[in-house]
Amino acid sequence: MDLSEFEIPPAPSKENHIVDDVGEKSQVEVSQVAGGEQVLDKGEATVVEVHAPKSYAAALKPKYGRNIDTFSLPIPGKQGEFPTISLIKEEVDNGIKHCSQSLVGRLDMSKIDLERIKILVQQLWRPVGKIQSTPLGRGHVMFHFDKAEDFPKIWDQGPWIFDKQVLRLVKWTPNFSTEKEIQSHAAVWVRFSGLSLEYWEIRNLLALGRALGRPIHVDETTAKRELGYYASVYVDLDLSKPVPDKIWVE
């Protein structure tokens with residue numbers, strides 16, 4: 001982890017005052033910090049820490065990890081000039097169990113924001129439980145399902161159209177990295193020529209698309225049989241594999 005991204009907070013402001021303490025003069029340092037008021041005796045000098053009052057909302061905000069004894073955590077080591085730490089296996093297993101019920105997709109976030117994605121998730125997927133949408137960077141969003149029955153339903157029915165963008169989903173895997181994720185898929189219109197019009201039923205056309213990749217939908221002109229030159233099906237293709245120029249229809 002690059003520690004350069006963390007900001008060092010400015011030193012608290014201090015004012016020196018002279019006060020009477022049992023007939024003698026002593027130095028008092030007053031500093032503004034967060035919390036309450038505390039007086040510390042440091043020999044001849046008395047340090048008074050005056051804490052700014054907390055708001056009601058700040059007082060109610062949860063403080064995750066405050067109840068954990070930090071001395072029970074793994075002891076850091078060092079490799080060269082960098083510190084090392086061994087993660088707790090039980091906690092890693094808990095994290096993997098949580099993330100295993102997740103799918104990851106990628107969108108152009110300059111054309112759609114997270115709030116819009118959350119709305120479309122509810123409208124298009126109609127989940128039984130809650131879905132948490134977490135941005136991962138580089139346009140990737142992780143969708144976590146708290147109900148097991150939602151996961152296969154969304155996975156089997158994809159890809160999805162989110163505001164004219166194709167959302168392709170992949171199953172989350174441990175050590176998922178947006179830096180290493182390679183996008184080899186593309187949604188393209190596939191034209192099927194030489195197909196007699198009696199075979200232009202929607203399910204049959206989608207079946208043709210499935211022979212090449214994941215079918216998304218059928219062109220309106222094709223669905224209405226307005227032009228009989230070829231049938232157009234929108235298909236999500238894996239371009240890392242050869243795309244055949246012919247298929248056999250039985």
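Please treat every number below as a calculation from the coordinates, not as lab data. Please read all numbers here as calculations on a predicted model, not as lab measurements. Please note: Cβ atoms are built from the backbone with ideal geometry, for glycine as well, and neighbour counts cover all protein chains shown.
Brief remarks follow.
- Tensor-based shape of the range 58-179 (alpha-carbon gyration tensor, a/c under 1.5 rounded, otherwise prolate or oblate): prolate
- Model label points for GLU149 and LEU73, set 7 angstrom from Cα along the Cα-to-Cβ axis, are 4.1 nm apart.
- Each of the peptides 224-230, 127-133 was scored by the mean count of other Cβ atoms within 10 Å over its residues; in descending order, highest first, they stand as 127-133, 224-230.
- Karplus-derived 3J(HN,Hα), 6.51/-1.76/1.60, for each residue of the range 194-202, Hz, glycine and proline x: x, 9, 4, 4, 5, 9, 8, 7, 4
- Annotation: the residues ARG106, ARG191, ARG203, sorted from fewest to most other C-beta atoms within 10 Å of their own C-beta, follow the order ARG203, ARG191, ARG106.
- Taking 7 Å steps out from each Cα toward its Cβ at GLU201 and ASP156 produces label points 2.1 nm apart.
- For LEU136, the residues whose modelled amide H falls within less than 5 Å of its own, excluding neighbours fewer than 5 places apart on the same chain, are VAL141, MET142.
- Compared with the direct C-alpha span, the chain from SER100 to ARG191 gains 29.0 nm at full extension, assuming 0.36 nm per residue.
- Over 29 Å between alpha carbons, listed pairs LYS61/LYS147; LYS89/LYS241; LYS97/LYS118; LYS63/LYS118; LYS61/LYS171: LYS89/LYS241; LYS61/LYS171
- When only the Cβ of Lys, Arg, Asp and Glu is charged (+1, +1, -1, -1), the dipole of the range 185-238 relative to its Cα centre reaches about 60 debye.
- The range 185-238 shape via C-alpha gyration tensor axes, a/c threshold 1.5: prolate
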